[in-house]
Amino acid sequence: MAQSLSVRHLVGIKDLTESDINLILETAGQFKEVINRPIKKVPSLRDVTIANVFFENSTRTRLSFELAEKRLSADVVNFSASGSSVKKGETLLDTVNNILAMKVDMVVMRHSSPGAPHYLTKHIKANVVNAGDGTHEHPTQALLDSFSIREKLGDVAGKRIAIIGDITHSRVALSNIFCLQKQGADVMVCGPKTLIPKYIESLGVRVGHDVRAALAWCDVANVLRIQLERQQIKYFPSLREYSLYYGISRQMLDELDRPIVLMHPGPINRGVELTSDAADSPHSIILDQVENGVAVRMAVLYLLAQL
């Protein structure tokens, strides 16, 4: 197995090789052992300063990165656009250059514009980690999802994974498709026709519109929330109707002829895409995903810092 990543930045799964993915997930396995010890810190990034630059709201991803950085003993700078000079008209590049002038080694960035992290890599010397860019990619979420599947089922290769919900507005869907296919999984997307982009079949995925058929086919169902904050027009009549046709309940899972694994990147709209009894059922590994997120992000930061 490769001992270092083939990329200096993690801006998208598309740029990673299968060896890169395996190295990150193997390293995450070692860090997961660390964070389950009584003393959860290691000095791996003691002299590294990391800036978390978030131009969009985030709870889990931001906390997960910050915890990962502190577990690695890095110095952490948090930047939020809502209380910054961005509100006064400062550009993305000026903002980041000002942060870099404070001698920051690595930038973790979330931005509403697809491609913003790629733009940054061409203008700054620090390592860049994409924590989500618009509706484009969210690479660390896809990596932690793959890590969680490996942990539960032993391998990703040959598994049938259904991604169900709002595919059009999801950055998680695209990163997951790239990540799962590079590891040899068979991927299906399922949702209303209005929430599945036209180009998706060109990526070599199956497309379905019947949630019960998707659940019967898959080994793993990764359920996405309706991204109302990114929808400029109505894509379906109402949340109640969406829930009626595409919501997943505990009863639907229990009626399957074999157990499947249920995942969700969060936050869950309980009662819309998942009922509470489904989200909290034995099928669900949603809380495992949250725990695994810290280990995977520790692995990404550690490996990038070695380059």
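The values are calculated or read from the model by the stated rules, or taken from the named source; none is laboratory data. Note that the structure is a prediction, hence the values are computed from the model and not measured. Quick reminder, even Gly has a Cβ in these numbers, built from the backbone with ideal geometry, and neighbours come from all protein chains shown.
Of GLY132, GLY158, all but one fail to be of a type in the set (Gly, Ala, Ser) and not assigned by TED's automatic domain parsing to the domain that holds GLY247; the exception is GLY132. From (1) at pLDDT 95 or above; (2) over 17 Å from PRO139 (Cβ atoms); (3) not assigned by TED's automatic domain parsing to the domain that holds PRO117, pick out the condition that doesn't hold for SER4. Every listed condition holds for SER4 apart from (1). Looking across LEU180, LEU153, one residue alone is modelled with pLDDT of 95 or more, within 27 Å of THR59 (Cβ to Cβ) and not assigned by TED's automatic domain parsing to the domain that holds GLU66. It is LEU180. When residues in region 264-278 are screened for being under 16 Å from ILE167 (Cβ atoms) and in contact with a His (Cβ under 9 Å, 6 or more places away or on another chain), 2 of them pass.
Taking strands (runs of 3 or more DSSP E) as the structural unit, those lying wholly within region 123-221 and holding at least 1 residues that are under 21 Å from ALA299 (Cβ atoms) and either more than 15 Å from the chain's Cα centre (by Cα) or among the charged types (D, E, K, R) (or both) correspond to 127-133. Of the residues making up region 132-140, one or more are more than 20 Å from LEU262 (Cβ to Cβ), acidic (Asp, Glu), touching a residue at least 12 places away in the same chain (Cβ under 8 Å) and touching a Ser or Thr at 6+ places or on another chain (Cβ under 6 Å). Among the residues of region 96-122, those identified as over 22 Å from VAL296 (Cα atoms) and surrounded by fewer than 18 Cβ atoms within 10 Å (Cβ to Cβ) are ASN97, ASN98, LEU100, ALA101, MET102, LYS103, SER112, SER113, PRO114, GLY115, TYR119, LYS122.
SER73 meets each of the listed conditions (1) under 26 Å from VAL172 (Cα atoms); (2) part of a loop (DSSP other than H, G, I, E, B); (3) of a type outside the set (A, V, I, L, M); (4) at pLDDT 95 or above apart from (1). Could we say that SER64 is surrounded by 13 or more Cβ atoms within 10 Å (Cβ to Cβ), within 18 Å of GLY293 (Cβ to Cβ) and either modelled with pLDDT of 95 or more or not hydrophobic (A, V, I, L, M, F, W, C) (or both) here? In short, yes.
Counting only residues that are among the basic types (Lys, Arg) and in contact with a helix residue (DSSP H, G or I) (Cβ under 7 Å, 6 or more places away or on another chain), region 12-54 holds 4 of them. Can you name the residue in region 37-54 that is outside any loop (DSSP other than H, G, I, E, B) and in contact with an Asp or Glu (Cβ under 7 Å, 6 or more places away or on another chain) and is also farthest from ALA101 (Cα to Cα) among such residues? Going through the qualifying residues, I end up with ASN52.
In region 197-245, of all residues being basic (Lys, Arg) and out of contact with any strand residue (DSSP E or B) (no Cβ under 8 Å at 6 or more places or on another chain), the one that is modelled with the highest pLDDT corresponds to ARG212. The condition (being in a helix (DSSP H, G or I) and under 19 Å from the mean Cα position of the chain (by Cα)) is satisfied by just one residue among THR61, THR95: THR61. When residues in region 13-46 are screened for being in contact with a Ser or Thr (Cβ under 9 Å, 6 or more places away or on another chain) and either on the phi > 0 side of the Ramachandran plot or without any contact (Cβ under 8 Å) to a residue 12 or more places away in the chain (or both), 1 of them pass.
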